[in-house]
1. Give the shape of the stretch 295-352 as rounded, prolate or oblate, defined through the alpha-carbon gyration tensor: a ≥ b ≥ c are the square roots of its eigenvalues, a/c under 1.5 means rounded, and otherwise the shape is prolate if a/b is larger than b/c and oblate if not.
2. Label the stretch 193-371 by shape, choosing from rounded, prolate and oblate, from the square roots a ≥ b ≥ c of the eigenvalues of the Cα gyration tensor; if a/c is under 1.5 it is rounded, and otherwise prolate applies when a/b is larger than b/c, oblate when it is not.
3. Over all alpha-carbon pairs of the chain, lay out the pair-distance distribution in 20 Å bins, whole %, shortest bin first.
4. Assign one of three labels to the stretch 148-276, namely rounded, prolate or oblate, based on the Cα gyration tensor with a ≥ b ≥ c the square roots of its eigenvalues; rounded applies when a/c is under 1.5, prolate when it is not and a/b is larger than b/c, and oblate otherwise.
5. Treating only the Cβ of Lys, Arg, Asp and Glu as charged (+1, +1, -1, -1), what charge dipole size does the stretch 2-130 show about its Cα centre? Round to the nearest 20 debye.
6. Helix 33-43: angle to the longest alpha-carbon principal axis of the chain, degrees 0 to 90, nearest 10?
7. Taking the Cα centre of each part, how many Å lie between the stretch 311-332 and the stretch 50-112?
8. As a test of the formula, what do you get for the chain when each DSSP H run with n ≥ 4 contributes -39,500 (n - 2.57) and the sum is divided by the residue count, at 222 nm and rounded to the nearest 500 deg cm²/dmol?
Amino acid sequence: MRILIVDDNPDSRIILRKTLESDGYTVIDASNGAEALKVARELLPDMIISDILMPVMDGFQLCRECKSDERLRDIPFIFYSAAYTDKKDEEFGLSMGAERFILKPMNPFCFLEIIENILKEYEKETVPRVNIAGGKDEGVFLREYNERLIMQLEKKVADLEESNKALSRSEGELKDLFESFVRTMVNALDAKSRWTRGHSERVAAYSEQIAAEIGLDGKEIKNLRLAALLHDIGKIGLRDYLLDKESPLTDEEFEAAKKHAVLGAEILEDIKQLKHITPSIRHHHERIDGKGYPDGLKGDEINLYARILHVADSFDSMTADRPYRRAPGVKYAVSEFRKHAGRQFEPRLVKAFLRVLSRKYHVTDIDKAVRSGGRKD
Ligand SMILES: [Fe+2]
């Protein structure tokens with residue numbers, strides 16, 4: 001006698017299989033109703049024992065399908081489940097034509113007795129069994145059938161692994177493409193003027209140091225680095241002379257140059273992968289006292305990345321030459337940070353950056369510079 005057991009829980013299938021095999025039954029199994037229906041149509045089992053709650057097709061639906069299939073309707077159908085304990089559920093199951101509704105778990109001896117009695121009843125009532133192996137040995141046929149199923153399963157697993165590998169490859173390629181895009185944007189900005197060359201990369205490095213000092217996690221530092229690399233990208237849209245002018249900008253020219261913050265955010269706003277950093281690009285020139293640009297935001301209204309970028313960006317401006325002046329230098333920058341902490345810069349970030357600089361340069365040199373009132377070195 002071959003019995004089809006249907007259960008989405010592999011452990012339950014193993015227990016049931018062992019119980020039935022110990023009594024001499026041949027067991028075929030399926031992990032959901034849809035799979036069971038396919039197997040039942042192919043192998044015409046002598047009994048179906050099914051769980052109820054399963055993915056794809058549940059036990060009730062499987063019973064309904066079997067009882068409406070001419071070739072399957074006479075196969076005794078047993079519900080074996082722990083999911084439903086209400087009498088109404090049992091009545092519902094039996095009303096579909098199921099023979100029994102057995103609650104899990106049941107003593108194996110009682111269970112086997114019930115199975116045996118039902119099968120005996122059916123043997124009396126039904127026509128002789130069909131040999132599903134076309135007259136050959138059914139044991140051999142079922143073994144081969146199981147082997148075929150296992151091979152199909154192994155092939156599906158191998159195909160899935162291959163698709164996963166292809167997906168990882170595409171993800172890697174997409175990541176490379178994105179990184180190349182950012183690099184190209186930064187290179188384009190660097191190529192625009194020798195005075196902007198390397199600025200983005202340096203601001204990114206300072207921003208990362210501040211972020212690490214205040215304890216941001218790796219993901220945040222990565223996002224901040226991206227924002228820093230692209231923070232001045234709007235300068236691509238400025239006239240070259242504004243970047244290369246060998247004397248300080250006039251008020252009018254300065255107003256034009258200030259537009260790079262908004263322009264940068266606009267250039268990137270359609271790129272979904274950069275949505276989370278465009279506000280920091282727009283606001284990297286805001287001051288915490290509200291006197292910055294473009295929106296005059298104050299304190300916490302300015303997002304953290306933008307506040308960090310402002311410190312890092314200002315440091316690089318004060319330590320890099322401009323076409324119209326030599327770099328004021330590190331000591332000057334430190335004294336400016338101290339002077340403007342709480343007005344232009346967030347004090348917590350200034351302190352963090354000064355700790356970074358103290359480790360990088362000699363603490364005493366910096367302190368001396370600050371004591372001397374921030375004179376240019
Ligand atoms: Fe800027």
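1. Numbers: a/c = 2.40, a/b = 1.68, b/c = 1.42.
Prolate, since a/c reaches 1.5 and a/b exceeds b/c.
2. Working: a/c = 1.59, a/b = 1.15, b/c = 1.39.
Note, shape of the stretch 193-371 comes out oblate.
3. Bin by bin from 0 Å, the calculated values are 22, 28, 13, 25, 12, 0.
4. Values: a/c = 3.65, a/b = 2.60, b/c = 1.40.
It is prolate, given that a/c is not under 1.5 and a/b is the larger ratio.
5. Values: 17 positive and 25 negative charges, 28 e Å.
So the magnitude is around 140 debye.
6. Roughly 40 degrees between the two axes.
7. 80
8. Working: 16 runs with 220 residues, N = 377.
Per the formula, -18500 deg cm²/dmol.
Any read-out appearing in this document is the output of simple, stated calculations on the displayed coordinates, not a laboratory observation. These numbers come from a predicted model, not from an experiment. Quick reminder, even Gly has a Cβ in these numbers, built from the backbone with ideal geometry, and neighbours come from all protein chains shown.
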